[in-house]
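Written out below as structure tokens is the structure these notes cover.
The values are calculated or read from the model by the stated rules, or taken from the named source; none is laboratory data. Every value quoted in this text rests on a predicted model; they were computed, and no experiment measured them. Cβ atoms come from the backbone with ideal geometry, glycine included; neighbour counts cover every protein chain shown.
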Amino acid sequence: MSPVVTMRAVNKRYGPLTVLDRVSLEVARGERIVVCGPSGSGKSTLVSCINGLVDHDEGRIVVDGIEVSRAAGTLPAVRKRVAMVFQQFNLFPHLTALENCTVGPELALGIGKAEARASAMALLERVRIPEQAHKYPAQLSGGQQQRVAIARALAMRPQVMLFDEPTSALDPEMIREVLDVMVELADTGMTMIVVTHEMGFAREVAHRILFMDFGRVLQDAPPERFFAAPATDRAREFLSHILRKDAA
Amino acid sequence: MAAGLAAAASLPRPPPVLARRRFGFAAGLFDTWPNALVTLLLVWLLIRIGIAMWDWAIVRGVWEAETAEQCARTGGMCWAFLADRWRLILFGPYPYAQQWRPALAMVLFALLLGASLAPALWAERRSRLALGIAWPVTIAAIAALLWGGVLGLPAVPSRLWGGLPLTMILASVGVSGAFVLAILLALGRRSDMPVIRAICTGFIEFFRGVPLVALLFLASVLFPYFVPPDWTMDVLLRAQIAFALFFAAYMAEAIRGGLQAIPRGQYAACESLGLTYWQAQRRIILPQALRTVIPSLVNIFIAAFKDTSLVVIISMIDLLGAANASTAEAKWWGLYIEPYLFVALIYLAICAVMSAYSRGLERRLGLGER
Ligand SMILES: Nc1ncnc2c1ncn2[C@@H]1O[C@H](COP(=O)(O)OP(=O)(O)O)[C@@H](O)[C@H]1O
Ligand SMILES: [Mg+2]
């Protein structure tokens, strides 16, 4: 089957700084990829290029047969297929949880109000916060907010879900509830590209783990192999650092 | 991981809400010796001023008088003058027998505005629709009342409009026009497109840098020199446009401040949901930005309302101009306090309503604030 996301020799520079260095990647439908690597290694930039939040300088990115290109005007089509969950949730503070989940479908997909509400409600149930539907983000805990953000992304009926460190801004006791929702999502066969340092999650759901450093993908391996034999010193160092922190 | 599901089911506490410290009404008035002293001094002053006002307006007030001279005999307030002249002050040169028309127009406008400003009415689809119909209908009715020439009403040209209705027209049309323009200018000044950014920046800097008086002068006196001679434009409309452009520049900067306070993540979220630029602005960005700048916008609204009085320099007779004109007749020469106090209280009352409304709105919209 043809991959749903393809990146070929993608470069991204900010001034003299090369943030993505000839990154190539193929993600099959239903595949779950975890991206990890030190801070500043280009993970956020990588996922943001896939839905065109960041424009890449060279190379090609194709999502579901559509080339990601601002110049060619394909971004609206791409964003109907790719949804994203952010580290800082980025919920709309002036809208209730439910409205956060209906605004995208209503405006971008042209779905009717009643239908958008019904499916948003179903999604809030799926992330286990239906009782918070009419609260504003400020009235919710971090974990709850991130689950609303996941519901908001799912409301776009995407083919690919991007997660950029979805649990990094959360207090430890709330990480679990968000990861659980993500594991359930994985069980439905959703294609997921997840930037995270939650190695337990990676071990459990990832088909492949990408290790990035200095804008390059240094290793792309199934979790068993990645954890057993990190290919580079950097990865080994990174892993021992992360795992030590997890143990603590 | 399945065990985690149970853990997730027990929901975390909602974030704590910091209780605001509450003070009693008299807190801080008498808690220390110096505070008590200042309090007593101020109370004494207020009482003295109150007594003096009472004495001037009521005890020595003159109700029966034909001229300013007769009024002057007690040194008190000349109620007789106000009784004689209040309609001139309120309606300016508008034909005396027709003054019920602007009066009715103002009542209609106040009702419309009052209804539109009730936040409860925005939420309901049906009432929004009703408002959407009420606005054009009422505006048309007001225009028909003021201009006349229809339904058997004698025509009254706009140069005869004056007093409070003129002030309210200048302020409300000017401010609403300015508001719409200001949003576009603020967005334009933050645009990615250099040409649009330059145009908006230039516009704002120009109209902010030129005194309003100069703009009004330009609009009324110099305008005819700049356009073909067969081009005529109502002087009221020209003044109106000058106001709108001037205040748009100020409001645009206030709104830009609000836009700058919106975190980048909000834009990223809008983009990732596939919202277009205008969808994102209308539903996500502007509602948040405008809410944060309500205080400074109201500040500008109030300033604009009062600055409409500058139209006197292009010989339009607004509320303040009418107060000025009310003593022009020889028999009321020499009276100053009464007419100006009268219009000052009207200005004050309207501005007080505006700020009370904005405080209520802020409180209401505070809900859901981050
Ligand atoms: N808008 C930007 N302008 C300039 N430099 C940026 C910008 N965004 C990211 N960078 C730089 O790109 C590098 C990679 O960033 P990022 O993709 O966010 O890394 P990561 O998510 O792995 O921490 C960092 O060095 C960061 O400083
Ligand atoms: Mg990052």
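Can you list the helices (runs of 4 or more DSSP H) lying wholly within region B:134-229 that have 2 or more residues being surrounded by fewer than 16 Cβ atoms within 10 Å (Cβ to Cβ) and within 26 Å of the chain's Cα centre (by Cα)?
Filter on region B:134-229 gives B:163-189, B:194-209, B:212-217.
Taking residue A:91 as the residue in question, decide whether it is touching a helix residue (DSSP H, G or I) at 6+ places or on another chain (Cβ under 9 Å), at pLDDT 95 or above, within 27 Å of residue A:180 (Cβ to Cβ) and buried (at least 19 other Cβ atoms within 10 Å of the Cβ).
Spelling it out, residue A:91 is indeed touching a helix residue (DSSP H, G or I) at 6+ places or on another chain (Cβ under 9 Å), at pLDDT 95 or above, within 27 Å of residue A:180 (Cβ to Cβ) and buried (at least 19 other Cβ atoms within 10 Å of the Cβ).
Taking helices (runs of 4 or more DSSP H) that do not extend beyond region B:29-130, which have at least 2 residues that are under 30 Å from residue B:309 (Cα atoms) and not assigned by TED's automatic domain parsing to the domain that holds residue B:347?
B:33-54, B:68-71, B:79-91, B:100-116
For the condition within 13 Å of chain B (Cβ to nearest Cβ), in contact with a strand residue (DSSP E or B) (Cβ under 8 Å, 6 or more places away or on another chain) and charged (D, E, K, R), what is the one hit in A:81, A:70?
Result: A:81 is the single residue among A:81, A:70 that is within 13 Å of chain B (Cβ to nearest Cβ), in contact with a strand residue (DSSP E or B) (Cβ under 8 Å, 6 or more places away or on another chain) and charged (D, E, K, R).
From the residues in region B:316-370 that are surrounded by fewer than 18 Cβ atoms within 10 Å (Cβ to Cβ) and of a type in the set (D, E, K, R), which one is farthest from residue B:96 (Cα to Cα)?
Selected residue: B:370.
Confirm whether residue A:24 is within 8 Å of ligand 1 (Cβ to nearest atom), among the small types (Gly, Ala, Ser) and within 24 Å of residue A:238 (Cα to Cα).
Taking the combined requirement at face value, the residue does not satisfy it.
Residue-by-condition table, conditions (1) closer than 29 Å to residue A:50 by Cα; (2) within 14 Å of chain A (Cβ to nearest Cβ); (3) without any contact (Cβ under 8 Å) to a residue 40 or more places away in the chain:
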| residue | (1), (2), (3) |
| --- | --- |
| B:214 | no, no, yes |
| B:246 | no, no, no |
| B:263 | yes, yes, yes |
| B:279 | yes, yes, yes |
| B:317 | no, no, no |
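Taking the options B:19, B:52, B:7, name whichever one is hydrophobic (A, V, I, L, M, F, W, C) and modelled with pLDDT of 85 or more.
Selected residue: B:52, the only one of B:19, B:52, B:7 that is hydrophobic (A, V, I, L, M, F, W, C) and modelled with pLDDT of 85 or more.
Return yes when residue A:131 is at negative phi and away from chain B (no Cβ under 12 Å) and no when it is not.
No; evaluated as a whole, the condition is false for this residue.
Counting just the residues of region A:41-67 that are more than 10 Å from chain B (Cβ to nearest Cβ) and assigned to a helix (DSSP H, G or I), which one comes out nearest to ligand 2 (Cβ to nearest atom)?
A:44
Looking at the structure I just gave you, is residue B:234 surrounded by 19 or more Cβ atoms within 10 Å (Cβ to Cβ), away from every other protein chain (no Cβ under 14 Å) and of a type in the set (Asp, Glu)?
no
Just for region B:22-49: of the residues that are within 34 Å of the chain's Cα centre (by Cα) and modelled with pLDDT of 90 or more, which one is farthest from residue A:181 (Cα to Cα)?
Of everything passing the filter in region B:22-49, B:48 is farthest from residue A:181 (Cα to Cα).
Name every residue in region A:207-234 that is among the aliphatic types (A, V, I, L, M) and within 18 Å of residue A:44 (Cα to Cα), in order of residue number.
Answer for region A:207-234, where residues must be among the aliphatic types (A, V, I, L, M) and within 18 Å of residue A:44 (Cα to Cα): A:209, A:210, A:212, A:217, A:218.
Quick check on region A:104-127. Is at least one of its residues touching a strand residue (DSSP E or B) at 6+ places or on another chain (Cβ under 6 Å) and touching a residue at least 12 places away in the same chain (Cβ under 8 Å)?
no
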